[in-house]
Each structure stands twice: as structure tokens, then as C-alpha cells.
There are 2 protein chains.
Amino acid sequence: MLLKANAAALCLAASLSAVTAQTFQRLGTCPDLGCVLPPDQQDFLPGQEFDIRFEVHAPKNGSEAFNNGVPDEKFTATIAKDGHRPKSIADFFDRSEPKLEKWTFSWYEDLFAKDANTPSVVNVASKVYRRVALYEPGEYTVTLKYYNGKTTTAKWTVRALATEKKAKNVIFFIGDGMTTNMITAARLLGHKTVNGRYQSLLAVDEFPVLGHQMSHSIDTFITDSANSASALYSGHKSSVNAMGVYADSSPDTEDDPKVETIVELLHRIWGSAWGAVSTAFIADATPIALTGHTRRRSNYGILIDQALHGVSNYSWTKTDGPDAYFGGGAEQFIPGPGSFKGKDYYAEFAKKGYSVSWNKTALLAAPNNKKALGIFCKSNFPVWLDRNIFPDNLDSLDNNPSGAAGPAKDLPGLKDMTLKAIDILHERGGKNGFFLMSEAASIDKQMHALDYERALGDLLELDDTVRATIAKLKELRILDDTLIVVSADHGHGFDVFGSSDTKYADAQKDDRAKRNAVGVYENSGLSQYTQPKEGVSYGTGPNFPLNWDPRYVIAAGMGANPDHRERFGVGREPRTPASVGAGGEVYVNPADRPDGFVVNGTLPTDQTQGVHSLTDVPVYAMGPCQETFGGTYNNIDVFFKMASCLGLGQPRNRTRADAGHGGTKPKS
Amino acid sequence: MLLKANAAALCLAASLSAVTAQTFQRLGTCPDLGCVLPPDQQDFLPGQEFDIRFEVHAPKNGSEAFNNGVPDEKFTATIAKDGHRPKSIADFFDRSEPKLEKWTFSWYEDLFAKDANTPSVVNVASKVYRRVALYEPGEYTVTLKYYNGKTTTAKWTVRALATEKKAKNVIFFIGDGMTTNMITAARLLGHKTVNGRYQSLLAVDEFPVLGHQMSHSIDTFITDSANSASALYSGHKSSVNAMGVYADSSPDTEDDPKVETIVELLHRIWGSAWGAVSTAFIADATPIALTGHTRRRSNYGILIDQALHGVSNYSWTKTDGPDAYFGGGAEQFIPGPGSFKGKDYYAEFAKKGYSVSWNKTALLAAPNNKKALGIFCKSNFPVWLDRNIFPDNLDSLDNNPSGAAGPAKDLPGLKDMTLKAIDILHERGGKNGFFLMSEAASIDKQMHALDYERALGDLLELDDTVRATIAKLKELRILDDTLIVVSADHGHGFDVFGSSDTKYADAQKDDRAKRNAVGVYENSGLSQYTQPKEGVSYGTGPNFPLNWDPRYVIAAGMGANPDHRERFGVGREPRTPASVGAGGEVYVNPADRPDGFVVNGTLPTDQTQGVHSLTDVPVYAMGPCQETFGGTYNNIDVFFKMASCLGLGQPRNRTRADAGHGGTKPKS
């Protein structure tokens, strides 16, 4: 018996939408034909600036076809604080009525429609109100009326005021794609056990407070790094590929309704210094979402311009640019096709007073009292494992940050960049403090490539950076003034499930026999990564493996794979598990792990890599307000906890000028 | 460049053991030829009783061959508290010298040796000292001297005294195999979101304190449920398949050195009531490890006898049997091959004053002032999904707990059993309080079978039980006196990575095309499990899916698989993903998910199921001492935190008689 029908179910059924497809959505936050952006059930910091957009949709065809595809241009919208009468949006925010916008977009209702190439076409009428804010905590109701009787309602919550600054500084470490499972695996590789007792621990293991955050997007339960970063930085969830905005349906990817981010707030209210450090290209989602406002994360050039100059197409909070900005991604700085309007962004930054570094030597020598840009390679950093264990792999790269041919040389690591950023931000922030985001980007990037050891190497680099940061803050006597948060933006479905005897695997002839090299339960044994091996020393210090290539290696896997081969154990070269064949179909890459056994994938056959997963990710906290980070919460709450600790919930349109020279003295 | 040799590495290499195999081990806790059990770096509660075993190994052949296979029978052993002179074990503990034991065992050094059937044979000389305890906190050094100059040392730590009882009661929920990833997935199925905001949450989401515990065994990084339960209950890690003992190498699986468990301590010191509830057979590892002392978890019959009568082959703490004992596993109670010595254990329990229930009606009617046994089926419970959504699946079972033919009828759920146990324990414990372990066993069992929905159904049942327990404790006015801990014993490498359009998948003809039904990132969309569907109602109340069989289902996977087919979405019948073919080789079960696509496994080809994984598992805590459960720690620390909160760290050999009638009044 599958289904028990009853009367209650039949009543509930009446409220069902005609649209049953969830995989494809007309617009993620817009289940009705009228859309309010920000949509229902969104939270705001008091005084946080944002845009409001209304859309009325008229599908011309498809399962939702309505009104012959003519959208209602006479829609009206109001807002009411609880207990007050509704006012028009224009009146409430003292804005003039904006002009009507119109456009058309199309989408596929499901995979059958996509295969048949039968898109549903939607005509839209829309208005947008720019740069408003709500200062009074409480509940607000926004009502959109359209089509002579239809309404779409959005309830918004303005959280409590938080005007007191409890932490002078915040350092936010993000292990991109980092899960508890990966942290457990990295501990196994980098730290030795004796009879079930670890002899040393990860730095994050020693954090006093642990929480879990839910990483889902507003439009899907599987997020990407753009909108998850945006949720962490702004308290507003967005859609896949979007950051600092609620994604609308308009053709312009740069006109979507914006929300103010933590560095924009912090600069506006307290005049604090801020910085971003990443082992990704610096225009990548996690670092760039601190200042980026776009529906399309791949608009890299303009996003770098926004980081320096702020949003240019509309009036918006400026941050005056980061005080420290270190990462990869020279493509957006070297004048050419990758840079905004083809301009030289090294020169643009230099014009605004930045020191510019292209290698570690220059980075360490950069003055701490000047703003600093450091771009150390094209694209992403080579990973820790290649920089430290297989440095020969770097020689063949063509990633010189200057634009000259050849490899990037004298690369700093995440620790070098982070500690230098702290020096600069501490000096430049002065009594106004600072905010630093430091990202270990390739945990994610190498998990995508199923290159488990390379991912875990970068996780250990992150942990080593956290450890060094704590020591640095102690040395600067600001540890007690600094909230340190270590978290992630989403996960990958990774776990270790045993060990593999590489010697035995390599001696077997066929795929099935090779699988028998895997030991499970008691045959997993203990980690050999922490056992010294004669003749092997990497000089990478404590908290890293003594041997990356033992006979018995971890056997690990992902919940989702493209077609690939497995031969557990570190590869000398970075991994490309699958490659594209005829008709865009993806198959096992014949050059990857040729000694391994074939594993057919569980992902669509156009996917060359692993994909993100659902799991909640851990949050480690230490310092002022640490006690607020325990338990389980939404990713947007990470923003509200940090913002509350930084006193960013303000009752009026406060700027640092209000506080006199350089802001008020923080409490701590 | 893979390896950089240097002088330091060469020096380190001198300390390497000749044994390079880790997958197979001579004896997990015994890296040298001399073994001290408990081994190096173990922790003790003051006053916790335990046995000590010494073994001296003489391998006859293989890479470790020594002394022509003749073990040193003249070995000596001492113990010294830090700052004191060493004494012989017999003198220190005031025991007479035990007689020497001798035996032989064999093992395979690696898979090559196993394939060639060339075992290494080891002769052993051994002594065991029974039922000792250390009362003074501090560090102790045990030294075994053998072979005229060899020594094996064990450092033991007796933790601080904890004589004050801060919690009257402890309820310990174990979701067997439950990870954060599964909790996230269960939330998605059972709780609705609107624009990225959950409209309701899991009960565990609302716990104030969250921690992570490391689940590894003493002998391997991948644990099983026996020794992980044992670590949680005794503070002593053990080896795979062992519980309540440190595994030795002797032929007798029931003579291994024991450690006292939390219910043994609690009964001895405070005379508290205790109970166990499980949806597994009650002799399964997680429930039975509360009282079990064996190296072989599959000795089910004797383990049930131990639960009732205590250890019978040696003098040991008795618990007088559980006050409430509810689960499956009638095989060990019906007189016959599954029961200890063929006896009728229903009758054995009844003789000691137990009420005996075989169904929910009898359970609910059982008197609260009597000890209660409830065995509701043979083997494991049918899972929540079959009990509640597909009840027809129960009709064909032959699992009547009475031993009569036919199915078990009128089964209680985990919630029924747990709430009834609380009633009984509260009444019987009185002012001495109680300890209850309640296990959702089939989260693990169904993840083994790759039956994701059935596993998540049982996780939601656990969460529903936690919610009801909190309400029950409030009603009994003992919520503030009760520490509630919700955790797991280990994980499985599970995660959700997208959605699958079952309609599209089923319409595709070949395996690769079926994979294209999977939507990732924005195409994952939102959960349809929480959307009402016309004509569908299960009557399972809030916090469970409104539709278990939507068109768009979760796409999920494991890090490790046997060969199997995937057709995402719930199956009407419980799953058997792989089956054994010729020569013991395991292949896709042709009857399982015939409409799915084939996924070849990554596990050894004799494995029919998924396996446990490495990941740290979450710990949720609420009530007295909750603040001690934050951060990251070892699974043994869960025991020490609970034991400390229960005042079980005592400076002398305390029994409840010491405290007068029924023990002292607890503080709270």
C-alpha cells in the first residue's frame, strides 16, 4: 500500500501549483506570476541597504500560459510595518516612482521540453526601487497586486539593533567545499595516533565552539560558491551563480536588486580596514562576493572593477577598495580580454595608491601602511601539494602574473598571504579594526577533480594558517579583540572508507581484482602517512604527512562521480578524471590513473567533475561572541552573528563621518 | 621530485618497525613483541574496574620471526604512579600472582600472504590480573620486561575525580551510522523551506550545544559498532568486533581483559535504574555493549545472558539486569540454537521478575514499577518506512517474537519504546535517577543496503523520538535534571548531490541516458517531499515527508559501493543492492532497481553492502553539563563527560550500599 487517500489530502491538493517541475524553475524565488525581490521570509540588518524589484510575469505558452502573454503593467506594491497602515513603496522610502521596464525571457519546464527544444516564453513588466534601508527592527509586509486581484506577499524581518562593537577585528577563514568528513581525513593524514589517541590535533579541533550551518541556496538545495559566499557576507541567500543580489529575470545581469555586504557596511559605518586572501583567482566567487553584485559570477572583469571602484552603474556604498588583496587571477589585471574594458588593473590599483606584488619576496617587503595588491599567478594557485611536494609540476606552467611567458615563481602560500594581510590590516585599520576573509580555495577545486590528496593538502594548509594566525594575533596582542571564524561555503560528498594496498592493487591484472586491494573495517589498519619512511623528508614541518606516498593509502570516494578510474594514492600530477569525447559525452580520461580500475559515474554524462553536495558544514569560532556560534543554523546567520559582533545593526543611516575622525573607539 | 632525502629522515628511519603491513595486524594494540593491555595512552575513570593482560609474542615464521618461536615465560611487569617507585603488578593491586597461560595464533601479514595461504604463526606466553582499579588521579607507567632487555611501556592516565552527581538522569540517543550529511538530508525530506528558510526544524537542530567526536577504533581508523559503542560506554577504545574488553590474541573470545561500563558503574555506585531500547535485535552491538564483555560481538547468546546475569566466568560488577529492555532479536530468547545453552530467555527474565511484552499493546500495559523486557520481533525491526508507509511489506515476514510462524504484529516504534522506558526508569530509579540508551539502529543498516530513504525514515523517527522525549521529560518535571545526548557511533560516506527526475529517467532506454535525469546545482531545485500531493496522505504527522514518492527525488550516493543499480527514489521493498554469484564474487542484484543504471563498485568484490566511513560524527547535548559537549573530541570523551556529570569518578571502591538505602540524593 503506497498511498492512503483521505479528505485532508484532497483539500491540501487544491493549493498545488500547476507547475510540477522543480528541476527547472521559471525564477527561483518566484513561485507565482508576481515576484517580490527580496522575496518572502528574508531577514535584514537594521540599516542595511538594498534594492527592491517587482516583476509581473505573463507566460505566452507552456503549462503556465496566462493572459495571452501580456503582463499587467498597472501592478501596485505597498509595504507596511506590523501594526501600521501600508504605504506605497515610493512613499514609504521617499523615492520617486521608477519607470516601468519590460523584457522577455524563456526557460525549459523540464528535461523533456529541453530535449524537444520547446522553451516556455515569458513577458515581464517590472519596476525597481534602488538603495533603500529599513532601520526599525520588526516585521514588514510587502504586497504586490496585479492582474486585477492576484497578490504576492513578502514578509520581511528586520532583526534587532546591534550598535555595540564587541569585536575589534574579524578574521573569517573559508575552506571552500570543506566538510567535517574532509577535516577528519586531513587529521588522519597529518596527525599521528597511538592506540586510538591523536598525538597532536588540527588547529580547528582546539576551537572552543562548534556549529553547523545549512548551505543551501534560495533556489535549490545544492548551492554553488557564489551565492553561498553571498549569504555568509550579506545575510541574504541568492541563486546559483549570483552574488550580492537577488537574481531577477531581466536580460542585464548587472541590474539585479542588490544587498549591502559586510565589508560595505563595515567601511561605511566604522571605517574599518578590510582584506581578502585566496588561493583562487581573486575574481572567483568566494573572494569577490565581498564586493560583487551580479547575477553572473563569470563577469570577472567588472567584478574586479567593483572591488576597486564599487558599483558603477548605480549609486551604492563604496568601500574605497580592499586594504589587502592577495590571490591568483592575473587574467583580470593584465590588460586584455580578461580585464574590464581591456584596461590594466595593476595600473588601476597602483593609481589608487596600492603597492603591487607578483611574488612572495615582494609581498613580504610591501609596506604595511599602504594598501596592497598581490597577484601571484594566472588562474588558481598551484595547490599546496604541488608547491611543496611536487614542485617540478610548477615548472611547466604558463601562469606568470606579469603576463610574461613561463611559470609563476616564488609563490607565497596561504599562510604567507594571510599573515601579511594581518600586518597591513592591523596597521591600516588602527583603532577601527579590520575584517579579513582568507580562503583555501582548492579544497573545493581538487575535490571537483576527485584528487583527494591535493584537496586534503590544501585543507592542512588552511589549518596551518589558522594555527599561525592565532600565534600572530597573540604576538600583536590582539587575539582577545579578534573573532576568528573558520567555516565553509558548501560540501562535496566525500568520505574515507578504508585503506588500499597499492602494491597489491598494482600487481593485479583486472579491474575487479584491483578492488580487492581495499581493506575495510579492521583491514583498514592505521594511517601510514604519519610514519617516517627512510629517505623521505619534505621539510613541511609538523601537522603535515611524513609520507604522502605510503604503500597503504586511504581509500576514499565521492557520492557523485563522472566516469573515471580509481587507483587510490597520490598522483604525481594534478588529476583530470574524465574527458569529453564525441558529442560532448564524457568518459574516463584514458591518461588518468591508467593503473586503476574503471568506475562508471552517477552524474549526467556531460559532467567532467564531481559536484557540490547538500551537507551542513561546520563552523568553528574563537574570540569575542564565540558563544553565539554553537548549534545549528542557516548560513545567513553567520553574517548576522558577525555583523552583530561588529555593531553593524544601526538605527539610522550612519557613516563613519558620524563618528568623527575614524569612527568611535570600539569597546574591546 | 617526489622525495627529498635528508639526514633527519635517515635518523628517524632507524625507529621503523620491520612490520610494514598495516592492513593486517598481528594484534592491533601491540606493535612490539610484548603487549600490555590496556595499552599505552589509555584513560581511566577513578575507581573504574578493569583487567590487565600481558602477552609476549614469539613469531615462528614471517617477517618478525624471533627466538625460534619460543616466547619468554619469565617476563616481568611493574606499575608506578608518577613520582613513586615501581611495584610488581601483584603487589600494587594486592593480588596473588596468576598462573602463566600459553597459546598459539596465526595471521596473514598482507594480501599476498593471504592469497598464497602462508600464515605467520605466533607462540604466546601471557598472564592476566583480574578486576583491579586505580583510585588516585594522575599518570601511571606500566612496564613489561621480556627477552632479557626488551621493554614495552604503557602510560595510563586516571582522570580527575568527579564525585558530585550533576545530572540525575542521562538519556543517550544513538543514531547508528548517523552523520551530519544524513541529518541534513533528513531535514530536507521532513521539513519544508520557503525561499531558503526552513519552516520547521529537526529536534536536534534546536539543541544548544554541538560537538564532534572521532569514531575510530584502537586498531583501525574505520570502526564497527561494537567497539565504538564500547568507547562511548566505557571510555576505552577497543578493536573491531570487540566490546567491553581490550582484544587479546588468546583462543577464548570471552577471557579478554575487561573494562567497567557506564551502567555497571552507575548501578554499583548509585544504584540507578538503567535501560536500553533499540530497533535492532537487542543482542546487537550498540545495545548489548552496555553490559557485554567479549572479543566477538556475534556471541549473541552469551551476551544476552551477561545483560541479565552479568559476566559469569569471572568475578565482575553485576547490574542486576536492565530495568527496561526493548528491541528485536527474539532468536536469543526463544529456546533453541540462537539462545545461550538453548535456554528460554523469556523464562529466564520472567524468573527475575520481568514483565515480558511481545507487542505494543502489551508494552503500553506493562506495569511501570516492574522490570520490563519487550522483544517485538525476530532479528531487526522492520524500518519506519515499512511500518508506516508500506505496511504490506510486513505481512510476508516470518518474525513473530513468540516463535510462532508468521509476522510480528502490533509493533511499537522507537518513540513508543523510549517513552515507556522513561516511565519505567523514572519510577524504578526514583531518587537515584536513571540511564537510558535509545538506538535508531537501521539508519546504519539501511545505509549498508544503499536504501537511502529507509535510512532517512529511521533518522526522522529518531528525531521525532527526541522531540517526544523532551516533551515527556517536561511532563514528568525532570527535563532540567536530565542530560540528553544525541550522537552516533560512526558514519557512512553518504551525501545528497542533486535531484533526479524519475519520470525522465524511466523514459530513457540506456544507462547513460538515465544518468541525465540527474539535476545538479540550480537544476537540483527544491524538495518535493514536503509538497502535498493530491490523494496522498500517510497520517505520519508533522516532521515527516508529505510525499515519499515525488517525481523529483533526491539523488544521493555513497563514497563506497558494491556493484549495484541506481534508480533514485524510494523502492517499495527493502533493498538488496548486490548478490553473490559464482565463486563468492558479488555482482549487481538483478532484482534490485531493474529500471536503474548499473554502477560498478569500489569495494572488494566479496562485499555485498556499503561499509562504514571515517568521518567524525555530531554530538548534540542539552541539560546539565551540556556545556562540556562543545568542540571536537575523541569518542571516549563522551563517556568521561557523561560519567563526570553522573559523579562516577570515585576515590574508593564505592558501592550503593555505602550511600545507605538507595544511594545519596543527587544534587539536582
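The values are calculated or read from the model by the stated rules, or taken from the named source; none is laboratory data. Note that the coordinates shown come from a computational prediction; the quantities given were computed from them, not determined experimentally. Positions of Cβ are backbone-derived with ideal geometry, glycine not excepted, and every protein chain shown enters the neighbour counts. Only protein heavy atoms, including side chains, enter the accessible area calculation; ligands, DNA and RNA are left aside. Shrake-Rupley method; radii C 1.70, N 1.55, O 1.52, S 1.80 Å.
Some observations on this one:
- Applying a threshold of 28 Å to the alpha-carbon distances of B:K351/B:K445; A:K168/A:K237; B:K165/B:K474 flags B:K351/B:K445 as lying beyond it.
- Computed P(r) (all Cα pairs; chain A; 10 Å bins; percent): 3, 15, 24, 25, 19, 11, 3, 0, 0
- All other residues whose Cβ lies under 10 angstrom from that of A:I79 are scored, Lys and Arg at +1 and Asp and Glu at -1, for a net of +1.
- Of all DSSP bridge pairs formed entirely within chain A, close to 65 percent run antiparallel.
- Highest mean packing first, where packing is the average number of other Cβ atoms within 10 Å per residue, the peptides A:439-446, A:360-367 line up as A:439-446, A:360-367.
- Using the Cα coordinates of the protein assembly as shown, the gyration tensor eigenvalues translate into equivalent-ellipsoid semi-axes of 51, 37, 31 Å, sorted from longest to shortest.
- Among beta bridges that DSSP assigns inside the stretch A:19-158, antiparallel share in %, nearest 5: 95
- Phi angles across the stretch A:458-472 convert, under the Karplus curve 6.51 cos²θ - 1.76 cosθ + 1.60 with θ = phi - 60°, into 3J(HN,Hα) values of 5, 5, 5, 5, 4, 4, 5, 5, 4, 4, 5, 5, 4, 4, 5 Hz, Gly and Pro given as x.
- Globularity index of the stretch B:532-603, i.e. its alpha-carbon radius of gyration over 2.2 N^0.38 Å: 1.39
- Annotation: amide H-H contacts under 5 Å for B:N634 (H modelled 1.01 Å from N, sequence separation of 5 or more, or interchain): B:M214.
- Averaged over residues, the count of other Cβ atoms within 10 Å places the peptides A:454-465, A:110-121, A:598-609 in the sequence A:454-465, A:598-609, A:110-121, highest first.
- Neighbour net charge for B:A591 - beta-carbon separation under 13 angstrom, K R +1, D E -1: +2
- The spacing between the stretch A:598-654 and the stretch A:225-281, judged by their C-alpha centroids, is 14 Å.
- Positive-end extreme of charge dipole, the stretch B:135-288 - chosen from B:H191, B:W270, B:M178 (charges on Cβ): B:H191
- Legend: mean number of C-beta atoms from other chains within 10 angstrom of residue C-beta atoms, peptide B:534-542, equals 5.
- Fraction of antiparallel bridges per DSSP, the protein assembly as shown only, in percent to nearest 5: 65
- Packing-based order for B:421-434, A:70-83, using average beta carbon neighbours within 10 Å, highest first: B:421-434, A:70-83
- Residue-averaged beta-carbon neighbours from other chains (10 angstrom radius) around B:552-565: 5
- Dipole moment magnitude, nearest 20 debye, the protein assembly as shown about Cα centre, only Lys, Arg, Asp, Glu C-beta charged: 2800
- When the inverse distances between all different Cα atoms of the stretch A:310-393 are averaged and flipped, the Kirkwood radius reads 14.3 angstrom.
- Taking a straight line from the alpha carbon of A:K99, these lysines sit under 16 Å away, with near neighbours fewer than eight places off in the same chain left out: A:K74, A:K127.
- Under 5 Å, built H, 5+ apart or other chain: amide partners of A:Y135: A:G47
- Among the protein heavy atoms, those of A:D91 account for about 110 Å² of accessible surface (1.4 Å probe, every chain in place).
- In this structure, the residue pairs whose Cα-Cα separation is over 25 Å, taken from B:K258/B:K341; B:K192/B:K378; B:K370/B:K415; A:K192/A:K514; B:K192/B:K360; B:K145/B:K641, are B:K192/B:K378; A:K192/A:K514; B:K192/B:K360; B:K145/B:K641.
- Spatial separation of Cα centroids for the stretch A:512-535 and the stretch B:509-583, in angstrom: 33
- Distance (nanometres) between label positions extended 7 Å along Cα→Cβ at A:T141 and A:L364: 6.4
- Part-to-part distance (alpha-carbon centres) for the stretch A:292-311 and the stretch A:154-220, which is given in Å: 27
- Mean per-residue shielding of peptide A:616-626 is 2, counting Cβ atoms of other chains within 10 Å of each Cβ.
- Alpha carbon convex hull of the stretch B:19-158, volume per residue in cubic angstrom: 113
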